[in-house]
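Presented below is the structure to which this report refers.
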Amino acid sequence: QVQLVESGGGLVQAGGSLRLSCTTSRRTASNNGMGWFRQAPGKEREFVASIDWRGGSPIYADSVKGRFTISRDNAKQILYLQMNSLKPEDTAVYYCAQALRSTSARQGNEYRYWGQGTQVTVSS
């Protein structure tokens, strides 16, 4: 059984910040890229950010570039998403996911396991 657990979501006003965390196990994440996706009500799940297995080569959706930062602490096996300058359009359930391979990836079908999500709500 693979476990990915997100935390850190909440309600924040536009312009504010949140940091999401995703706890992982060594056997599920040590050698794999990791990513963040989000899904708003009535919309398809979309890519947010990804990072390779060493914590390098971060990639971001254009909509969050310059505002969000993905990072990971492999010693603690925690994936982070620092979200600054939040906008109402960022409101969604945010999911962390483990990639099939060691590289960062943009496509949902390049990920093997998914967390259950954490709600982020940004008020106007």
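The values are calculated or read from the model by the stated rules, or taken from the named source; none is laboratory data. In this text, all values refer to a predicted model and were calculated from it rather than measured experimentally. With ideal geometry, Cβ positions are generated from the backbone for all residues, glycine too; neighbour counts draw on all protein chains shown. Surface areas here come from the heavy atoms of the whole protein model, side chains and all, with no ligands, DNA or RNA. Shrake-Rupley method; radii C 1.70, N 1.55, O 1.52, S 1.80 Å.
Contact map, the stretch 100-123: residues that are over 13 Å from M34 (Cα atoms) and in contact (Cβ under 8 Å) with a residue 40 or more places away in the chain paired with residues that are open to solvent by less than 90 Å² (accessible area, probe 1.4 Å) and of a type in the set (K, R), Cβ distance under 9 Å, separation 6+ or inter-chain. Pairs shown: G117/R38; V120/R38; V122/K87. The residues in the stretch 71-117 that are β-branched (V, I, T) and out of contact with any Ser or Thr (no Cβ under 6 Å at 6 or more places or on another chain) can be counted, and the count is 2.
Return yes when E46 is open to solvent by 40 Å² or more (accessible area, probe 1.4 Å), closer than 30 Å to S124 by Cα and under 15 Å from the mean Cα position of the chain (by Cα) and no when it is not. So E46 passes the test. Being on the phi < 0 side of the Ramachandran plot and at pLDDT below 95 is a property that S21 lacks.
Return yes or no: is Y80 more than 14 Å from L18 (Cβ to Cβ), among the hydroxyl-bearing types (S, T, Y) and either open to solvent by less than 30 Å² (accessible area, probe 1.4 Å) or touching a strand residue (DSSP E or B) at 6+ places or on another chain (Cβ under 6 Å) (or both)? For Y80, the condition - more than 14 Å from L18 (Cβ to Cβ), among the hydroxyl-bearing types (S, T, Y) and either open to solvent by less than 30 Å² (accessible area, probe 1.4 Å) or touching a strand residue (DSSP E or B) at 6+ places or on another chain (Cβ under 6 Å) (or both) - is not met. Can you work out which of the residues in the stretch 99-113 that are part of a strand (DSSP E or B) and not hydroxyl-bearing (S, T, Y) is nearest to the chain's Cα centre (by Cα)? Looking at the filtered set, the residue picked out is A99.
Considering the stretch 83-98, the residues that are in contact (Cβ under 8 Å) with a residue 60 or more places away in the chain and more than 12 Å from the chain's Cα centre (by Cα) include one that is surrounded by the most Cβ atoms within 10 Å (Cβ to Cβ), namely L86.
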